[in-house]
C-alpha cells in the first residue's frame, strides 16, 4: 500500500505522514533520529509543508515561566499572521513527552502545531539557545531573524510593564515583504536550551 | 435616665499598610566556602547538592512556586548553565540586602566561593560524583506546615487572574467567626496556585472597615495598598506575610496576636499572570495559643512621601527621612517598601554619640522580591538614636521597571505607577520607669508629630495624633488635630464622627451634633455616627432625635448591647416605658452584665413598678 520505500529524506517524511510510521519498519534509524516529530510521533518538516511561505518557529518549554508568560503574545502574533506565515511551536526538551506538551498547549489555548525537536535539528538551524526564542525563515527557507519576541524581559525576574520593541512582529512583516530584517538577531531571556538533555 | 458616655471610642486610627513578606528559618547547614576551598573536581553529590538543598529547594520543589524542581541531579543538571548564570549575577536566590547591614535571619546571599562552585561544576562537565556523598534531600510536607489549624478560613470567592497583562493586586477578606477573643501564635497562608502569587500580606481589620470596598459581600476588591480603620489604639505590631518557599512564622511566647469577635483578616495578594487564565481562592489556617500577649511590638513607619516628586528622566532622585527615637527600643525586623522606580535603599542608625551603623542596605531594589527582614538578634536602639532613611529613585527610561514609557513625573501614591518611600521597623519598646504612658503610644505620638513636621498635609498623621491625644485626655488639642484632618479631607465620615465624639467629650454639644450629623449623612450606614449622634442628642435633651438615631444604630448593628441600652433609655425619657423595657431587656440578653441597662431597668421599676 505504501509504494515509497526510502527515497530522499524530505520526501519520506511526507510519506510517513501519509502512511503511518509503524508501517515502515525498514526506515533507516538515522532518518528517524534527527527529524522533528509532531505530537503523534511522526516526523514533520515545517519547511516542506508550505513551500514558498514564511516560517516562524517558536522555541518553548512547558516548565519555563517566561516562555509560558509569552503564550498570549505568541497567540496574538499567530492570529495576526494567520494565512500568511506558518507558525510552529518547537519543544527542544527530549524529556518533555508528547502528552505533557498536549496538556500544556490545551491549558495555554495554543492552536499552533507543536513539534518535538528532540535532536535539535531545528535548534541548530535556527541558532536558538533560549526558550522562549523565535526564528523566522523567509520564503526561500533562509533564516532571517532569530532571538527574542520583544523586549518585555530584560533579565530573569526583570520585566517591563510593556515591551517597547517588537522584533518578531517586525521580522515577520519584513520577511513577508521580502525585505531584509534589521536586526537579524536580538538576545532572548529565558531558559537555556543547552541545559536540556 | 442615664446614658452611657461615648462607648464607641469615636477616635479611629488609620493606617496605610502595605505588602509584606518575609524569610524564615531553613534547616540546612550553611556552607560558604571561600575560593581557596574549591575542589579540583566539582561534583553534584558532594559540592552542589548542599547549596541547592539549602538555598533553592524550598521554592523549587513540586507544588511550590519555583517553576521547576531542583532536588535531584537530573533536575539541577537540566538547568545548570542557567543556575550558574543567575547565581553569578546574584539574581538567585532572591536576596536583596547587601552584606553591610545588620545580620539577618536566613540570609540567602551566596558567597563568592559558592558561586564559583557552580561555574566550575559546568567547566568540569556537570559531574554527578559519588552518590554516597550526597546528603539526604530535604523533605517537604504538602498541606498545612504546622499541622491541622484550629481554624481554617477560605476566601468567599475566587479571583480570576487574567492570562496576560501586568501584575494584579487583589484583596480577599476573611470573616473570622470568633465567639470570644483569642490569641494567635501563627497564621498559615495558603494563597492558592503559588506560581501566581508573588507575595501576600495579611492584616487584621478590627472594624470591618475594608468591607465597604467590596462590591458585594465576599467579592474582594482590587488595590496595591490598603487603608484600614481601628476604633482603639491597637496598632498592628506584627508582620503577617507569605512569600514562596517560606514556612509560616510561629510567634515567640508573649508575642501572640489578639483576634476579637468581628475582626476581619485581609489578605493583600500580589499576583502575576502566568500566560493562561487561572483562578485563585486562598485559605488561611489559624493556630491559637492559651498564652496571652505580654509583649507588644510596634510597627514604626518612616516615610517622606511629600518629598517624592520625581521629574521624568531623573535617574538619581534622593528621598530621605530622619526620626529620633523618644525612648529605647529593640529593633526586631525591617521592611523597606517602595514601588518600581526605587533603585537603592539605605537605613542607618545614628547613635546619640554620633556613631553610625547601617541597619539595612539594598543596592538593587526589586519590588518583586520585597520581604520583611528579621534580625538574627534584636538590636538595641537607645533613646536619642536617629533612624535615617535614604532612598534613591531612577525615573529614566534606563530603568526597565519604570511603569511609564516614556517616563512621567511621579509622585507619592497607592497605584503601581506612583511611588512610595517607606521604611517600616518592627520594634519592641523598652518601657521607662519615668513615664507611665503606654510606651507604644509615646513612640507613635512622636512619630505622628514627625510626620506632620515633614508634611503638614499628612491626613493620617493628624487623625492618628488626634486619636492618641483624645485617648490620653488632651481633648482640646485632639479637637484641633481632628479639625486639621477635616480641613484636608472635608466631609470625611470617619473624621466628622471622631471630631464630633471629641467635641461631645468636651461638652461642646451643638458643635458635636453638627459634625456627627455630617458623619451620618456622609455615610448613612455608619453605626458609630448614629450611635454617637444619639448620645449627643440625648445629652442635649432632644430625646425624639436621640431615639431616632439609636433606632437606626440598632438596625445597623442588632447585636450591640450598648445601642439597645441607650435606645431603652431614650424611650424611657419619652415616657414609652414598654418600648424602654423591651430594649433594655434586649441589651441584657446581649450582655447580661450591661450596667447601664440594669441601672435603667431598676430605675424604671422604681418609678413605675411592674404591673
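Each value in this text was obtained by applying a stated rule to the coordinates, not by laboratory testing. This one's a predicted model, so the numbers in the text were calculated from it and none came from an experiment. Positions of Cβ are backbone-derived with ideal geometry, glycine not excepted, and every protein chain shown enters the neighbour counts.
Tabulated data for the structure shown
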| read-out | value |
| --- | --- |
| Using a Förster distance of 30 Å, the FRET efficiency for residue B:219-residue A:165 (Cβ separation, nearest 0.05) | 0.20 |
| Helix B:493-505 axis, angle to chain B major axis (alpha carbon atoms, nearest 10°) | 50 |
| Efficiency of FRET between residue B:250 and residue B:164 - r from beta-carbon atoms, R0 41 angstrom, step 0.05 | 0.60 |
| Förster-model FRET efficiency, 56 Å R0, residue B:431 and residue A:98, C-beta, rounded to 0.05 | 0.25 |
| Debye log10 I(q)/I(0) at q = 0.06, 0.08, 0.09, 0.11 Å⁻¹ for the protein assembly as shown, Cα point scatterers | -0.50, -0.80, -0.96, -1.27 |
| Percentage, to the nearest whole number, of Cα pairs in region B:468-611 over 20 Å apart | 49 |
| Length-normalised contact order of chain B in % [C-alpha pairs under 8 Å, at least 6 apart] | 16 |
| For region B:433-480: relative contact order, % (alpha-carbon pairs under 8 angstrom, 6 or more apart) | 26 |
| For region B:300-436: Kirkwood Rh in Å [reciprocal of mean 1/r, alpha carbons] | 15.7 |
| Cα-Cα separations in region B:149-194 greater than 13 Å, expressed as whole percent | 68 |
| Coarse-grained scattering of region B:35-133 at q = 0.12, 0.14, 0.16, 0.24 Å⁻¹, given as base-10 log I(q)/I(0) from a Debye sum over alpha-carbon atoms | -0.38, -0.51, -0.67, -1.38 |
| Inverse of mean 1/r across different Cα pairs in region B:364-476, Kirkwood, Å | 17.6 |
| Ellipticity estimate at 222 nm from DSSP helix runs (n ≥ 4, -39,500 (n - 2.57)) divided over chain B, nearest 500 | -8500 deg cm²/dmol |
| Rg(Cα) / (2.2 N^0.38 Å) computed for region B:143-289, rounded to two decimals | 1.02 |
| Sequence of B:602, B:496, B:128 once ranked by neighbouring C-beta atoms within 10 Å, starting from the fewest | B:602, B:128, B:496 |
| Equivalent ellipsoid semi-axes, region A:56-172, via Cα gyration tensor eigenvalues times 5, rooted, Å | 19, 18, 15 |
| Degrees, to the nearest 10: B:112-123 long Cα axis against longest axis of chain B | 50 |
| Helix axis angle, B:543-556 relative to chain B longest principal axis, alpha carbon, degrees | 30 |
| Sequence of B:390, B:437 once ranked by neighbouring C-beta atoms within 10 Å, starting from the fewest | B:437, B:390 |
| Rough spin-label spacing in nm, given labels placed 7 Å along Cα→Cβ, for residue B:175 and residue A:185 | 6.2 |
| Two-decimal log10 I(q)/I(0) for region B:526-580, as the Debye equation yields it once each C-alpha is a single scatterer, q = 0.12, 0.16, 0.27 Å⁻¹ | -0.20, -0.36, -0.99 |
| Footprinting exposure proxy for B:557, A:179 (fewest neighbouring C-beta atoms within 10 Å first) | A:179, B:557 |
| Label-zone membership for region B:442-484, site residue B:212, 7 angstrom Cα→C-beta point, backbone N under 15 Å | B:460 |
| Calculated Rg and Dmax of chain B using C-alpha coordinates, Å | 27.7, 102 |
